[in-house]
Amino acid sequence: MSLCVRPPFPLSCFILSINCFLGTSIFSQPSQGLYKPSMSQLPAIVDNHQLPQANARLDGSLRLATMTGPTLAGWILNQWGPLFNWSCVCVIFLCSVISLAKLTVPKHTSPWKQSFSWAHQFRTGLIEFYQQKVVWWLSMFLAVVQFGVGVLMALSLPYVTHELQGTSTTYGWFIACFPLGYFIGTHLLSHFSAASLRVKMLGANVIGGLTFIGLAISQHIQVALVFELIAGISAPFFHVHAITLFQRVVPQKKLAQLLSLRLLLIRCTMPLGTLLGGFLGEYWGIRPTLSLVGILIMVVSLSGILLPYFRFLHVLGESSTHPLPRKPLSK
């Protein structure tokens, strides 16, 4: 493995954050082509004990961009037209390339010694994904939450406009509250401590489930906005710590592969939630559907807190104070 000189934590994380932010703002959607590789390379350029802060800053920047990106792109387009807009895109990406070139990451040999088919690599990755107990169960908890997010995506517009008698403006506020709360939550992450990381992570999911129930019983748009803001603030307490444990448990050379499988799981459960949410919302009602999803998230999360089987999350949580030793990369 070649040696590298790590830039200071604020600089290295700022470079990755600003590139993800710019890519998301320009295209008005998450730049997964940059975001996921940056998550897999983050342990190589940031010290182990600084991973939670780095993940929080990177993820928070992306969430902020999902809120400000479409507004910023539309304003530039309206004020100066498409030519100036795309000129800015070219200049910004040029600056992005230059800033990324300042990062030096360790090189390691590929875990695949031979040329295997895509299907073989995918099957092997799935087997290893399942064999990693921490990775598997954290992804299952995340899948349940993403299922709920998919349900809310399908029901948010009729919920605001019909159930709360809101307008398109209030719908925009409602949609913006979660990423705004997420950004706030990433900055509050280091200020809250718990006896167990398992309690902190899954307790945040319990709060997220409660916000679904709060939305189901809310009769005023202002109250619904507060619940969405609370949901956004609590979300990074699970997501950031989960990805940090992921990075500490999985060997560096296989991290990108298993992160891709984690993303695939999210991308499968969210459309499922959208499909079932639309069906249940139409035939059963919006408020009962939101209540059901909230109860589901709470039951699953409380099971993770109370069942002795998931005690391994508490043991790994101690690594936030005493980081896990990472497996050396192949030379």
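The values are calculated or read from the model by the stated rules, or taken from the named source; none is laboratory data. For clarity, every value in this text was computed on a predicted model and none was experimentally measured. Here Cβ is always computed from backbone atoms with ideal geometry, including for glycine, and neighbour counts include all displayed protein chains. The protein model used for the area step is the full one, side chains on, heavy atoms only, and it has no ligands, DNA or RNA in it. Shrake-Rupley method; radii C 1.70, N 1.55, O 1.52, S 1.80 Å.
Remarks
- Using a Förster distance of 51 Å, the FRET efficiency for PHE312-ILE98 (Cβ separation, nearest 0.05): 0.75
- Length-normalised contact order for the stretch 117-259 - Cα pairs under 8 Å, 6+ apart - percent: 31
- Exposure of GLU163 as accessible area (Å², to 10), given a probe of 1.4 Å and all protein chains: 70
- Using a Förster distance of 30 Å, the FRET efficiency for LEU272-TRP80 (Cβ separation, nearest 0.05): 0.15
- Cβ-based charge dipole, the stretch 149-279, positive-most Cα from LEU255, GLY278, VAL199: LEU255
- In nm, spacing of pseudo-spin labels at THR161 and LEU302 (7 Å Cα→C-beta vector): 3.6
- Among 236-244, 200-208, 79-87, 131-139, sorting by the average number of other beta carbon atoms lying within 10 angstrom of each residue, highest first, gives 236-244, 200-208, 131-139, 79-87.
- The modelled label-to-label distance for the pair THR124/SER190, using points 7 Å beyond Cα in the direction of Cβ, is 3.9 nm.
- Largest-first ordering by accessible area, 1.4 Å probe, given options ARG198, ARG123: ARG123, ARG198
- Amide H contacts under 5 Å for GLY166, placed H, 5+ residues apart: THR161
- Solvent-accessible heavy-atom area per residue, rounded to whole Å², over the stretch 201-305 at 1.4 Å: 38
- Scoring 171-177, 140-146 by mean Cβ neighbours within 10 Å over their residues and listing the highest first yields 140-146, 171-177.
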